[in-house]
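Single-structure report; data block below.
Since every read-out is calculated from the coordinates, none of them should be taken as a lab result. Predicted model only: the values in this text are computed from it and were never measured. All Cβ positions, even for glycine, are placed from backbone atoms using ideal geometry, and neighbour counts span all protein chains on display.
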């Protein structure tokens, strides 16, 4: 078992980015909305640093680890079970897509 440290960091980053976008667009966009992206930027560094480990973590993801991810998002973002479960699913999908995109860009630049 590999664990879920990196997956948890990616899920946190993606969720905080989505929350930041929501908060920023609530009253219409303005320059002062940058404040809503401070947390996502802080979450981005650890998430992107270990994103290459996420596929290995997802390969052997257990039900217990999914439950741990759900509990983590519930605590981190003060949300209910149903929303946390949906956000974990979304974050995992988005994380895989970002990883794939980075890989494609890397391949094209290093070809």
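In the set (1) loosely packed, with under 15 Cβ neighbours inside 10 Å; (2) in contact with a helix residue (DSSP H, G or I) (Cβ under 9 Å, 6 or more places away or on another chain), the condition left unmet by residue 98 is number (1). The lone criterion from (1) over 26 Å from residue 106 (Cα atoms); (2) buried (at least 17 other Cβ atoms within 10 Å of the Cβ); (3) touching a residue at least 24 places away in the same chain (Cβ under 8 Å) left unmet by residue 62 is number (2).
Looking across region 24-45, the residues that are over 11 Å from residue 13 (Cα atoms) and surrounded by 13 or more Cβ atoms within 10 Å (Cβ to Cβ) come down to 24, 33, 36.
Matching residues to (1) surrounded by 15 or more Cβ atoms within 10 Å (Cβ to Cβ); (2) in contact (Cβ under 8 Å) with a residue 40 or more places away in the chain; (3) in a helix (DSSP H, G or I):
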{"residue": "53", "(1), (2), (3)": "yes, yes, yes"}
{"residue": "67", "(1), (2), (3)": "no, no, yes"}
{"residue": "70", "(1), (2), (3)": "yes, no, yes"}
{"residue": "73", "(1), (2), (3)": "yes, yes, yes"}
{"residue": "76", "(1), (2), (3)": "yes, yes, yes"}
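Out of 10, 2, one residue alone is touching a residue at least 12 places away in the same chain (Cβ under 8 Å), outside any helix (DSSP H, G or I) and touching a helix residue (DSSP H, G or I) at 6+ places or on another chain (Cβ under 6 Å). It is 2.
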